[in-house]
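Asks: The structure is given below, and queries will be raised subsequently.
Computed from the coordinates by the stated procedures, all read-outs in this text should not be read as laboratory data. Quick caveat, the model's predicted, so the values are computed rather than measured. Reconstructed Cβ throughout: ideal geometry from the backbone, glycine too, with neighbour counts over all protein chains shown.
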Amino acid sequence: MAFFQMKKMILAWTFRTPVTTKYPFEPRKICPGSRGRLDIKISDCIFCSLCAKRCPTQALDVDKVNKKWHIDRLRCISCGYCVEVCPKKCLHLTGDHGIPTVTKDMETF
Ligand code: SF4
Ligand code: SF4
C-alpha cells in the first residue's frame, strides 16, 4: 500500500508546476505594501548629508566636496527614515526590489 501511495506522490510532484521562480531572470511578484528599494533623484540632491546621519544601518555616504551620493545596498533595510528627513524630497522607496547585489561595492550616484 505504501508503495502505491509513494508512486502517486512521485507522479504528482513530477508534473506539478514549480513553486519557485527563476529570480532574478524572471521578475519577482511584488507583495502589496512592500517598501522595495531606495532610489534617488540625484539632480535634486543638495548633498546636505541629513539622510546619511539619520540612517540606522550606516548604508549611506554623502560626499559633499565631490557631489557624490553612495549607498550600500546590502546594508539598506528599506526603513524609509532617510526619505522622511530629506529636505529636497529627492529620495523615495520604489515598489520593486531591483537586481540583487552580489558584491559589497557601494552604488554611486
Ligand atoms: S537628505 Fe536628501 S538632499 Fe540631503 S544628501 Fe540626502 S538625498 Fe541629498
Ligand atoms: S531606507 Fe533606511 S536603511 Fe535604507 S538608506 Fe534609508 S535610512 Fe538607511
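Asks: Expressed as a rounded percentage, what relative contact order does the stretch 5-109 have, with Cα pairs under 8 Å and six or more residues apart?
Replies: It rounds to 31 percent for the stretch 5-109.
Asks: Right, here's the next one. So if I restrict to the alpha-carbon atoms in the chain, what is the Rg, and what is Dmax, the biggest pairwise distance, in Å?
Replies: 21.3, 76
Asks: Which of the cysteines in the chain are isolated, no other cysteine C-beta under 4.7 Å?
Replies: For the chain, the answer is C31, C45, C48, C55, C76, C79, C86, C90, because their Cβ atoms have no other cysteine Cβ under 4.7 Å.
Asks: Follow-up. Residue farthest toward the positive end of the dipole of the chain, with Cβ of Lys/Arg at +1 and Asp/Glu at -1: which of I99, V62, A12?
Replies: Toward the positive end, the furthest listed residue is A12.
Asks: Excluding same-chain residues fewer than 8 positions from K88, which lysines have a Cα within less than 30 Å of its Cα?
Replies: Counting by Cα, and skipping residues close in sequence, K88 has these lysines nearby: K41, K53, K64, K67, K68, K104.
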